[in-house]
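Asks: Got a structure here, written out as structure tokens. Questions coming.
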Amino acid sequence: MQKIQQSLCTVLSLCLMLAVVALASCEKAIFSEEESSSPSGNLAVCVYQIEKTDFGSLTRATGNATRAAKAASEVVTRLNFAVYDESGSRIKQINQTSGDKNFGTAAFQLEEGDYFLVVVGHSANGNPTMTTPAKIQFSNSTGYTDTFLCYGEVTIGEDAVNYEVSLDRIVARCSFVLTDETIPSDVRKMQFYYTGGSGAFNAATGLGSVNSKQTVTFDISSPSATTAEGRQFDLYTFLHEQSDNIALKVTALDVSGNTLYERDFDVPMEQNHITWLSGAFFTGSGSSSTSVTSVTVNTDWAGETHLTF
């Protein structure tokens, strides 16, 4: 009888050990859509270039993913990877911030089939809504920043797929610069309200997909808003076409949020271009008309247009 009891105990112990191992194995195979790390999978994605800034050679030459992550973090602070099925339903999503160890690389475990892959790079205060690739949306609360996109089709078969992606800029930027020699002492904030663009984009086209009312408010004493030319405020939007105009209302506010000065502008914009809009906002003539003074091209953006008011 004692031997039977010992055998039963041994069997029960073995069953318990097997159950623990099985549970641990199941836990390792599951990962959240919001996970920031890079688990193993049959689809591996690596960001090797952002708007012609190639840093993928660092990983290919040295095998050091940390160096690539550092290079990517110099361009954006957030990366969002999402996989959708053929109907446009999101299957999985991985969000990363520049402090993550595997920033710039991600992996998914997918069933065999055809999928759409979307990778978004930006520096907003939060992640965009990515429920559908037709409407990837930022908000006034998360903010609008320089944004880059890769959209492609991926087929998963028996063999694992390694996918290197290049992200292209899809925003237009208006840089509003105050050239006044002095700024009234009671002005505490500059508010920019603009329509005509979009806070969301269609991943298949990179163009705006909704009609947005975008609002950005800056503390005028913020060091990030200061340049050698004066006070600079950068506004971003997704255009509905490659080039379009936005209606911009600029308001100077006091400490209580009361309006002190306000002017309206009609600003021409172009995707992957900067429109510089500068002038004496507080001491100018008050006219909102703009005129092109020069056009230049730099290596970071496809082109620049300089306007004065």
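Asks: Got a number for residues in region 248-277 being in a strand (DSSP E or B), touching a Leu at 6+ places or on another chain (Cβ under 9 Å) and within 17 Å of ALA172 (Cα to Cα)?
Replies: So the answer is 10.
Asks: Here are THR237, THR305: which of them is in a strand (DSSP E or B), modelled with pLDDT of 95 or more and open to solvent by less than 50 Å² (accessible area, probe 1.4 Å)?
Replies: Only one candidate qualifies: THR237.
Asks: Starting from region 128-146, keep only residues that are more than 21 Å from VAL75 (Cα to Cα) and open to solvent by 20 Å² or more (accessible area, probe 1.4 Å), then list their pairs with residues that are in a loop (DSSP other than H, G, I, E, B) and not aliphatic (A, V, I, L, M) whose Cβ atoms are within a distance under 6 Å, requiring at least 6 positions of separation or different chains.
Replies: THR132/GLY88; ALA134/ASN202; LYS135/SER209
Asks: Yes or no: region 60-79 includes at least one residue that is assigned to a loop (DSSP other than H, G, I, E, B), open to solvent by 10 Å² or more (accessible area, probe 1.4 Å), at pLDDT 95 or above and not polar (S, T, N, Q).
Replies: No, region 60-79 has no match at all.
Asks: Another question about this same structure. Can you spot a residue in region 99-113 that is under 19 Å from PHE148 (Cβ atoms), β-branched (Val, Ile, Thr) and over 13 Å from the mean Cα position of the chain (by Cα)?
Replies: yes
Asks: Please work out if PHE116 is open to solvent by 30 Å² or more (accessible area, probe 1.4 Å), within 24 Å of the chain's Cα centre (by Cα) and hydrophobic (A, V, I, L, M, F, W, C).
Replies: The answer is yes for PHE116.
The values are calculated or read from the model by the stated rules, or taken from the named source; none is laboratory data. All values derive from a computational prediction rather than experimental measurement. Here Cβ is always computed from backbone atoms with ideal geometry, including for glycine, and neighbour counts include all displayed protein chains. Each accessible area value is taken on the protein alone, full model and side chains, heavy atoms only, with ligands, DNA and RNA left out. Shrake-Rupley method; radii C 1.70, N 1.55, O 1.52, S 1.80 Å.
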